[in-house]
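All remarks here apply to the structure that follows.
The values are calculated or read from the model by the stated rules, or taken from the named source; none is laboratory data. Computed from a predicted structure; not experimentally measured. Note that each Cβ is placed from the backbone with ideal geometry, even for glycine, and that neighbours are counted across all protein chains shown. Just so you know, the surface numbers come from the protein's heavy atoms only, side chains and all, with ligands and any DNA or RNA stripped out. Shrake-Rupley method; radii C 1.70, N 1.55, O 1.52, S 1.80 Å.
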Amino acid sequence: MITPRTLLLRLLGVAGIVLVVVTVCFALMHAVPGGPFDDGRDIDPAIKANLLARYDLDAPLPQQYVRYMGNVFLRGDLGPSLKLRDYSVNQVLAESLPVSMTLGVCALLVALAIGLGAGALAAARRGGWVDTLVMGGATLGISLPNFVIAGLLVLLFVFHWRLFPLTGLTSPAHLVLPSIALGLPFAASIARLFRTGLLEVLGEDWIRTARAKGLTGRAVLWRHAARPAMLPVVSFLGPALAGILSGSLVVEQIFAIPGMGSHFVDSALNADYYLASGVVIVYTVLVSTANLAVDLGYALLDPRVEGST
Amino acid sequence: MSAVPLRARPGVWRRLVRRPGTRPALVVLAIVVALAAVAPALPLPLPSEMDARVASAGPGGAWRVADPVSLGQLADDHPWAAALRAQVFGDAELAGVLGTDDLGRDLLARVLWGGRVSLLVGLLATLVSAVVGVGWGLVAGYVGGRLDQLMMRVVDVAYSIPFLFVVILLIAVLRDEELAGRMRALGLDRLSVLYLVIGGISWLTMARIVRGQVLALREAPFVSAARALGAGGPRIVRAHVLPNLWGVVVVYLTLTVPRVMLFEAFLSFLGLGVEPPGVSWGILASEGLESLTVLGVSWWLVVFPGLALALTLGTLNLLGDALRDALDPRLVR
C-alpha cells in the first residue's frame, strides 16, 4: 500500500506543478504590452490608473507576482475577474466547476460503459468479425475529433429525429449528446486497452482452472478475468479525465453549456488574466489529484503494486 | 524501456502490407494527400470565391465557365498550377460537387484547400517535435549522468503541465497587434507560430522513447566494440546510434502526425488556429456546426469536413499501429 510519506511527497509534487503552471500563466499574461484594459478604445488616463490600481496591476511585476502567489497558495483566493464585473474568480468557478464536473463524470461513465462492453465483446469473440468490427470502430473513434462526433450527433438526433434539445443546460436530457460526444473517443481507447488486457489474462492457468470447475464463459470473463484486465484501464483513467476536461473546452461551446471550458476560452480571448489563470490552476489541481487517486486505486486493485513511485 | 534495441528488420514492408487494412489505408491516404497537393490545378472555384446565387446549395455539381477574376488571382498566387489548369481544362470548372456554404463558397474546393493547410501544419509541427524530441532524448541518453537526470526531470514536470490551456493562453496573447507585429518582423506569420507552438509541446514522449533507445544502444556490444576501436563520441552517434533509432522514430512520428493535426483542428475550431480567410478542416468543421439552425440544415457542411478529418486521421493512426507492429516483432501476437 501507499505509505503516508509517499502520499505527502506526491501532494508536494502537485503543489510544485501548480507553482510552475501559475508562474507560466503569470509570465504569459504580463507579456502583453498593452494590459487588459487596452482594447483599442481611448480611456481617460486617470480612469485607467484607477482600474489598474483596483485590480492590483499597477505594482511592480515582482510584487504583483508575490502577492498573487500568496493569495493563491495561502488563502485560495484567485483574484477578481477583470471582465465579469463584480464577480471574483472564485465565484465564477464555484458556479461553473460543478457544471463541467457533471459533464465530465457523465462522459467518463459513457466512456467506461461503452469501452468496457465493446472491449469484452471483442475479446470474447477474438478473431471473428465482431472483433474486427469493434477494433476498426475503435481506431476510427480514437481518430475522430469530438467536435466532428458532436456535429454528427446534432445532425441526427437534434435536427433529423428531434429527440434531444440542442443548447443550454436546463434538464438532464441536455447532457446526453455532449456526454456522448465527449466520451466516445475515450471509449475507443478503453475498448482497446480492455481487450488487450483480457486477452493477456485469458491465457493464464487460473483461468483454465476456473473453466475446469465448470464456470460459464461469462462468469469467467467478468468474475475472474475482468479485475486484473482492468488495470491498464484504471491507469488510463487519469489521462482520460485530463482529456475529457480539455475536450469540454470545445463541447461546452458547441452545446452552449456554461461550464469552466467556455469561461476559459472567453477569458483567454478577452485578456481576463485572473479568470484564465484561475481555470488553469483548478484544472491542474483536478488532474493531478485525479492521477494520485488513480494510483491509489491501482494499488487497491493489484496488491502486488508497491506505493514506491 | 526496452533492453534490446529496436531496429529495422528485413521484411518490414512485407509484414506491413500483409496486415489486413494497411493497403486500403495507404491508398486512401495517398489520394487525400495527392488531392490536397494538386488542389490549385484542379478545375474548381477558389475557396474564398463567394457566389450569392448558389448559397447553401446541396451537393450536385455542374460544369461552368470559371470566373476570370478568380483565374487571375490563382495565376498570381500559384502560377504553375494555374498554367497547368489552363492547359488541361481551359476555363471550365466543376462547381458545387459537395455543395456550397451560406456565402456560396464551394465546399469541395474549401475541403481540398483546407486539407493543404491542415496537412502542412501537421507535417511541420511533427518535424519540429521530431527535431526537439530526438535531440533532447539523444543528448540525455548519450551523455547520461546528472544531465540525463535533469533533462528527464524537466520532461516529467512538463508532462503534468496542461499544455492545451497554456497554448490557448499563449496564442490569445500573441493575437495582440503589437506582439504579432514583432513576430512578423522575425519572419513568423500566424501559421508558423501555430506549427512551432504545436510542435514545441508535442516532443515529450519522443524524447522519452529516444532516450530509452539510446541508453540501450550505448551499452550494446557493437557500440562497445566501436569505442574499443577508437571511435569518438560524434562518430558513434552518427554511425551507430542514429541509424538504429530510425525505426522507433518513424513509428512514433506516424502516430504524432494525427495527434498534432487534431490539435490544429481543435485550435482552429476555437478560432485560435488558422485565421479566415485561410481555411483548415478545423475551421470548416466549426462553420458546419454554426450552419445548423432551425431555418435550414446544410448537412453537407458538417459531414464532408468531418469525413475528411476522419479519413486522414483514421488512416494515419491505422498505419502507425501497423508500422509499430511490423517493426517490433516482439509485439506480434
**Item:** Positions within the stretch B:251-280 being in contact with a helix residue (DSSP H, G or I) (Cβ under 6 Å, 6 or more places away or on another chain), open to solvent by less than 10 Å² (accessible area, probe 1.4 Å) and in a helix (DSSP H, G or I), in sequence order
**Value:** B:T256, B:P258, B:V260, B:M261, B:E264, B:A265, B:S268
**Which listed residue, of B:G122, B:G114, B:G137, is away from every other protein chain (no Cβ under 14 Å) and either of a type outside the set (G, A, S) or part of a helix (DSSP H, G or I) (or both)** = B:G137
**Residues of the stretch B:290-316 classified as surrounded by fewer than 21 Cβ atoms within 10 Å (Cβ to Cβ), facing chain A (nearest Cβ under 8 Å) and in a helix (DSSP H, G or I), total** = 3
**Message:** Looking at the stretch B:266-289 only, could you name the residues that are at the interface with chain A (Cβ under 10 Å from one of its Cβ atoms), within 22 Å of B:L127 (Cα to Cα) and in contact with a Ser or Thr (Cβ under 7 Å, 6 or more places away or on another chain)?
**Reply:** B:W281, B:G282
**Request:** Within the stretch A:285-302, work out how many residues are touching a residue at least 60 places away in the same chain (Cβ under 8 Å) and facing chain B (nearest Cβ under 8 Å).
**Result:** 1
**Item:** Residue check, B:A34 without any contact (Cβ under 8 Å) to a residue 24 or more places away in the chain and either closer than 28 Å to B:S298 by Cα or part of a strand (DSSP E or B) (or both)
**Value:** yes
**Prompt:** Taking into account only those residues within the stretch A:105-136 that are free of Cβ contacts under 8 Å to residues at least 60 places away in the same chain and assigned to a loop (DSSP other than H, G, I, E, B), which is least open to solvent (accessible area, probe 1.4 Å)?
**Reply:** A:G128
**Asked** Which condition number does B:D156 fail, the rest of (1) assigned to a helix (DSSP H, G or I); (2) surrounded by 14 or more Cβ atoms within 10 Å (Cβ to Cβ) being met?
**Response** (2)
**Message:** Among the listed residues B:I168, B:I198, B:I209, identify the single one that is touching a residue at least 40 places away in the same chain (Cβ under 8 Å), in a helix (DSSP H, G or I) and open to solvent by 10 Å² or more (accessible area, probe 1.4 Å).
**Reply:** B:I209
**Request:** For the stretch A:152-180, name all the residues that are in a helix (DSSP H, G or I) and either at positive phi or in contact (Cβ under 8 Å) with a residue 40 or more places away in the chain (or both).
**Result:** A:V154, A:H174, A:L175, A:L177, A:P178, A:S179, A:I180
**Item:** Residues (more than 10 Å from every other protein chain (Cβ to nearest Cβ) and part of a helix (DSSP H, G or I)) located in the stretch B:182-191
**Value:** B:M183, B:R184, B:A185, B:R190, B:L191
**Request:** Test B:A86 against the stated conditions and say whether it is open to solvent by less than 80 Å² (accessible area, probe 1.4 Å), in a helix (DSSP H, G or I), over 21 Å from B:G278 (Cα atoms) and not acidic (D, E).
**Result:** yes
**Prompt:** For B:F222, which of the numbered conditions (1) more than 17 Å from B:V260 (Cα to Cα); (2) of a type in the set (A, V, I, L, M, F, W, C); (3) open to solvent by less than 20 Å² (accessible area, probe 1.4 Å) fails to hold?
**Reply:** (3)
**Complete:** Filter the stretch B:102-111 for residues that are open to solvent by less than 30 Å² (accessible area, probe 1.4 Å) and outside any helix (DSSP H, G or I); the one that is farthest from B:M151 (Cα to Cα) is B:G104
**Message:** Can you tell me which residue is nearest to the chain's Cα centre (by Cα) among those in the stretch A:176-190 that are open to solvent by less than 10 Å² (accessible area, probe 1.4 Å) and more than 14 Å from chain B (Cβ to nearest Cβ)?
**Reply:** A:G183
**Message:** Looking only at the stretch B:153-201, count every residue that is among the aromatic types (F, W, Y) and farther than 30 Å from A:G13 by Cα and tell me the total.
**Reply:** 1
**Message:** List the residue pairs whose Cβ atoms are under 6 Å apart, where the first residue sits in the stretch A:73-85 and is part of a loop (DSSP other than H, G, I, E, B), the second is open to solvent by 50 Å² or more (accessible area, probe 1.4 Å), and the two are 6 or more positions apart or on different chains.
**Reply:** A:L78/A:N90; A:S81/A:Y87; A:K83/A:N270
**Message:** Against the condition among the basic types (K, R), open to solvent by 50 Å² or more (accessible area, probe 1.4 Å) and within 24 Å of A:S288 (Cα to Cα), how does B:R175 come out, does it pass?
**Reply:** no
**Prompt:** From the residues in the stretch B:140-153 that are within 30 Å of A:L286 (Cα to Cα) and open to solvent by 70 Å² or more (accessible area, probe 1.4 Å), which one is nearest to the other protein chains (Cβ to nearest Cβ)?
**Reply:** B:R153
**Message:** Tally up the residues in the stretch A:267-281 that are open to solvent by 20 Å² or more (accessible area, probe 1.4 Å) and either among the β-branched types (V, I, T) or within 10 Å of chain B (Cβ to nearest Cβ) (or both), please.
**Reply:** 3
**Request:** Check off (1) open to solvent by less than 40 Å² (accessible area, probe 1.4 Å); (2) modelled with pLDDT under 90 for A:V99 and give me the number that stays unchecked.
**Result:** (2)
**Asked** Going by the conditions given, is A:L140 within 14 Å of chain B (Cβ to nearest Cβ) and open to solvent by 70 Å² or more (accessible area, probe 1.4 Å)?
**Response** yes
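Listed here are the residues, each with its yes/no results for (1) among the charged types (D, E, K, R); (2) open to solvent by less than 20 Å² (accessible area, probe 1.4 Å); (3) in contact with a Phe, Trp or Tyr (Cβ under 8 Å, 6 or more places away or on another chain); (4) within 14 Å of chain B (Cβ to nearest Cβ).
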| position | (1), (2), (3), (4) |
| --- | --- |
| A:F194 | no, yes, no, no |
| A:W206 | no, no, no, no |
| A:T216 | no, no, no, no |
| A:M230 | no, no, yes, no |
| A:I244 | no, yes, yes, yes |
| A:G247 | no, yes, no, yes |
| A:F255 | no, yes, no, yes |
| A:Y283 | no, yes, yes, yes |
**Prompt:** Can B:S48 be described as among the polar types (S, T, N, Q) and assigned to a loop (DSSP other than H, G, I, E, B)?
**Reply:** yes
